[in-house]
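Data block below; observations after.
The values are calculated or read from the model by the stated rules, or taken from the named source; none is laboratory data. Just so we're clear, the structure is a prediction, and the values are computed from it rather than from any experiment. Positions of Cβ are backbone-derived with ideal geometry, glycine not excepted, and every protein chain shown enters the neighbour counts. Surface accessibility is based on the protein's heavy atoms, side chains included, excluding ligands, DNA and RNA. Shrake-Rupley method; radii C 1.70, N 1.55, O 1.52, S 1.80 Å.
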Amino acid sequence: MPNLNTLNNIKKISSEKYKDGFVTDLESERPKKGLSEEIIKFISNKKNEPEWMLNWRLKAYEVWKNMKEPDWSELNYDKIDYQDIYYFSAPKGFESKPKSLDEIDPKLIETYNKLGIPLKEQKILAGVAVDAVFDSVSVATTYREKLSKLGIIFCPISEAIIKHPDLIKKYLGTVIPTTDHYFAALNSAVFTDGSFVYVPEGVKCPMELSTYFRINAEETGQFERTLIIADKGSYVSYLEGCTAPKRDSNQLHAANVELIAMEDAEIKYSTVQNWYPGDENGKGGIYNFVTKRGICKGNNSKISWTQVETGSAITWKYPSCILKGDNSIGEFYSVAITNNFQQADTGTKMIHLGKNTKSKIISKGISSGKSQNTYRGLVRFSKNSSNSRNYTQCDSLLIGNKCGAHTIPYIESNNNSSVAEHEASTSKISEDQLYYCQQRGLTNEEAVSIIVNGFCKQVLQNLPMEFAVEAQQLVGISLEGSVG
Amino acid sequence: MLEIKDLTVSVEDKIILNNFSLKINQGEVHAIMGPNGSGKSTLSNVLCGKDNYKIKKGEIIFKEKNIFELSIDERAKLGLFLAFQYPVELPGVSITPFLKTAINSKLKSLGKKEIDSLEFAKKVREASEYLGISKEMLKRSVNEGFSGGEKKRYEVLQMTLLNPDLTILDETDSGLDIDALKTVSKGVNRLKRKDNSIVVITHYQRLLDYIIPDFVHILVAGKIVRSGDKNLALELEKKGYENII
């Protein structure tokens with residue numbers, strides 16, 4: 001029997017808790033709306049790109065024009081008008097990237113301080129290097145010198161295109177070809193900034209690398225492009241965080257992230273995605289169409305994705321691993337929380353190509369309000385990936401009775417020595433669990449938060465320590481006002 | 001400490017507590033005994049503020065405050081503790097952080113600062129040793145896969161650390177073997193003071209050999225039909241409910 005008083009109490013708790021929803025009042029520079037060759041040339045020119053890069057973009061644009069937006073997901077949203085979006089926005093005065101933090105508009109620094117991301121190195125979390133991307137440009141990258149002494153390159157991708165063209169030419173678009181699908185092609189044509197990481201052979205990166213993405217300007221799309229290469233025997237852990245102001249209109253974020261792990265290398269990639277999810281009536285919010293794919297190119301390499309997805313009106317995202325090297329390992333740990341009218345269609349693809357490859361998928365979906373939360377995943381064993389294994393665990397937690405949880409696993413096996421295991425469960429937070437916690441003095445929201453955090457523990461414990469606490473709090477905040 | 005006056009409570013139009021009255025002073029231990037369906041669990045849930053119950057009339061005064069308007073957690077923070085008959089599992093929620101969150105919620109509501117981690121660890125260690133709770137158990141999730149005895153020990157551990165003014169032990173003896181019963185009772189007795197009170201809700205006299213009540217009340221059909229001292233429990237044990245009323 002639904003317990004009305006408890007439901008009402010929880011309902012009462014304000015849902016106006018998106019604390020990162022402020023707007024920074026900065027004059028920004030934007031070309032006119034819409035997508036055309038002219039705009040692509042404008043972006044390329046703004047970034048001082050060499051001609052080969054512009055041609056690469058234009059080629060992607062030609063491909064995109066003949067493609068159709070995919071419609072196979074469970075997501076419902078108004079058709080995106082690609083001619084009604086700004087494809088580039090930069091705080092005024094960003095003709096060339098500031099050389100030091102002193103040259104940055106104090107308002108920008110203030111913005112990141114408010115978000116808890118101080119850009120002054122002495123105030124930064126020890127052991128975390130940050131690249132801050134504001135709309136279409138990178139505004140600051142910290143700790144670069146310290147890293148460069150080890151030969152590690154950590155810089156905005158726009159800078160890498162100019163300074164490290166050989167690496168870019170060799171690797172960009174090799175994991176996600178421009179022709180891969182609609183959003184991949186779109187991103188390839190208009191991507192504006194993101195991070196580039198190269199870790200040389202045998203180097204274990206001594207600090208967490210992180211990028212902080214912030215959408216500020218209105219009606220602006222953010223097209224992030226990130227490329228991480230871990231050379232033989234190296235290790236790197238990378239984290240990205242995302243926020244955006246509260247706005248009534250929907251905004252598009254279409255990112256491409258490519259990871260390449262050579263022999264014996266390991267890449268750990270973590271995301272805490274907290275884009276503005278829209279209000280309690282489903283108005284506004286970010287459309288998050290993201291392609292993330294990593295390749296374990298060399299033998300014994302490993303790629304591990306951890307994501308905490310709490311934001312966005314629409315999440316469409318399947319961080320994947322191509323396990324090409326023998327004995328390579330792919331992992332996917334995911335927490336996806338949807339509240340109000342949010343929709344998430346997220347999961348992973350594990351493509352086993354090499355022998356003795358292993359993959360592990362732990363997915364925790366939490367749905368509340370009137371939201372819809374889908375896990376969609378593919379595990380494929382190719383003919384040659386003998387003796388490979390997959391373990392998948394998909395757990396869904398429902399809060400209230402107006403939300404939905406869906407699990408859509410695809411398993412394809414083309415050899416007879418590989419084994420896939422799949423476990424799935426669906427549960428609800430029971431009145432008795434809430435009662436128990438409240439009787440111990442926890443408020444409704446504290447009770448929901450602690451129960452959900454318990455449910456997600458397996459995933460949250462994979463986050464870098466510096467961010468685990470933040471993620472736990474975020475889980476609580478995302479579910480405030482959740483039952484009804 | 002607690003005064004219940006003429007309390008009438010119904011669930012789905014069925015009267016469960018009928019003009020129920022009870023007064024408990026500081027330092028007293030009261031036992032409430034009754035057959036199945038007499039309203040014992042309803043009483044503890046209504047005291048704690050669980051909804052689903054319709055309060056038709058009456059008053060509950062706890063620490064000089066009418067608590068009808070208070071939520072479950074506000075009553076808990078005021079100093080009311082229920083040791084559950086069937087403590088629920090919270091998968092993935094580790095025992096010690098849970099306990100710490102509970103303590104800090106209470107401290108916060110009193111305007112005090114959070115408990116010091118070292119002090120907390122020391123208190124947990126001391127109380128767990130007394131209750132025979134192993135270090136291994138402290139690493140587990142709240143009540144998950146606990147035996148009956150482990151669950152009740154953990155309830156008393158929480159009681160120890162939260163230090164309530166009024167504790168309700170709801171059928172704490174159910175599911176306990178004699179050794180666990182002794183440990184749990186010992187843990188409860190240690191917390192008895194002149195300024196706090198305990199209500200023991202039970203079917204059987206057995207628990208009252210270990211937690212000795214000052215008063216025994218017999219609850220039948222939502223009403224206290226007889227009250228007495230600890231000897232009433234012994235008499236009840238001999239005669240049964242039907243013959244004692």
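Computed from the Cα positions only, the extents of the stretch B:172-245 along the three principal axes stand at 34, 30, 21 Å, in decreasing order.
Among B:216-226, B:48-58, the peptide with the highest mean count of other Cβ atoms within 10 Å heads the list, and the full ranking is B:216-226, B:48-58. Look at the alpha carbon pairs under 8 Å that are at least 6 residues apart: their mean separation over the length of the stretch A:350-484 gives a relative contact order of 25 percent. The mean number of partner chain beta-carbon atoms within 10 angstrom of a residue's beta-carbon across peptide A:450-458 is 5.
I need the calculated FRET efficiency for the pair B:VAL225 and B:LYS192, taking r as the beta carbon distance and R₀ as 30 Å, to the nearest 0.05. Plugging the Cβ-Cβ distance into 1/(1 + (r/R0)^6) gives 0.65. Would you mind giving the total buried accessible surface between chains A and B, with a 1.4 Å probe and ligands, DNA and RNA left out, rounded to the nearest 100 Å²? Heavy-atom accessible area buried at this interface is about 2400 Å².
Among the residues of B:160-167, the average count of other protein chain beta-carbon atoms within 10 Å of the residue beta-carbon is 0.
Rounded to 0.05, the FRET efficiency of the A:ASN45 and A:LYS79 pair, given R0 = 30 Å and the Cβ-Cβ distance, is 0.50. Once both labels are positioned 7 Å from their Cα atoms along Cα-to-Cβ, the gap between A:ARG144 and B:LYS135 label points is 4.9 nm. The order of the peptides A:318-328, A:51-61 by mean Cβ neighbours within 10 Å, most packed first, is A:318-328, A:51-61. Our summary gives the stretch B:116-195 a relative contact order of 36 percent, counting only alpha carbon pairs under 8 angstrom and 6 or more residues apart. Out of all DSSP beta bridges in chain B, what portion is antiparallel? Express it as a percent rounded to 5. Beta bridges within chain B, antiparallel portion: roughly 55 percent. According to the square roots a ≥ b ≥ c of the eigenvalues of the Cα gyration tensor, what is the shape class of the stretch A:381-426, taking rounded for a/c under 1.5, prolate for a/b larger than b/c otherwise, and oblate for the remainder? Verdict is prolate for the stretch A:381-426. Just check the stretch B:52-204 against the gyration tensor rule for me: Cα atoms, a ≥ b ≥ c as the square roots of the eigenvalues, rounded for a/c under 1.5, and otherwise prolate or oblate depending on whether a/b exceeds b/c. Note, shape of the stretch B:52-204 comes out oblate. These residues, B:THR96, A:THR226, go from largest to smallest accessible area, 1.4 Å probe, as B:THR96, A:THR226. For the stretch B:123-203, the square roots of the Cα gyration tensor eigenvalues, ordered a ≥ b ≥ c, give a/c of at least 1.5 with a/b no greater than b/c, which places it in the oblate category.
For the pair B:SER10 and B:TYR241, the difference between a 0.36 nm per residue extended length and the Cα-Cα distance amounts to 80.8 nm. A 1.4 Å probe, protein heavy atoms only, puts the accessible area of A:PHE154 near 10 Å². Each 10 Å bin from 0 upward holds the following percent of the Cα-Cα pairs of the stretch A:322-367: 27, 37, 23, 11, 2. Its DSSP H runs of at least 4 residues, each contributing -39,500 (n - 2.57), put the calculated 222 nm mean residue ellipticity of the protein assembly as shown at -8000 deg cm²/dmol, to the nearest 500. Among the protein heavy atoms, those of A:TYR436 account for about 0 Å² of accessible surface (1.4 Å probe, every chain in place). Cα convex hull, the protein assembly as shown: 173 Å³ per residue, rounded to a whole number. Bridge orientation summary for the protein assembly as shown: considering DSSP beta bridges with both residues in this region, about 20 percent are antiparallel. Its alpha carbons considered, the stretch B:1-124 gives a radius of gyration followed by a Dmax of 16.8, 51 Å.
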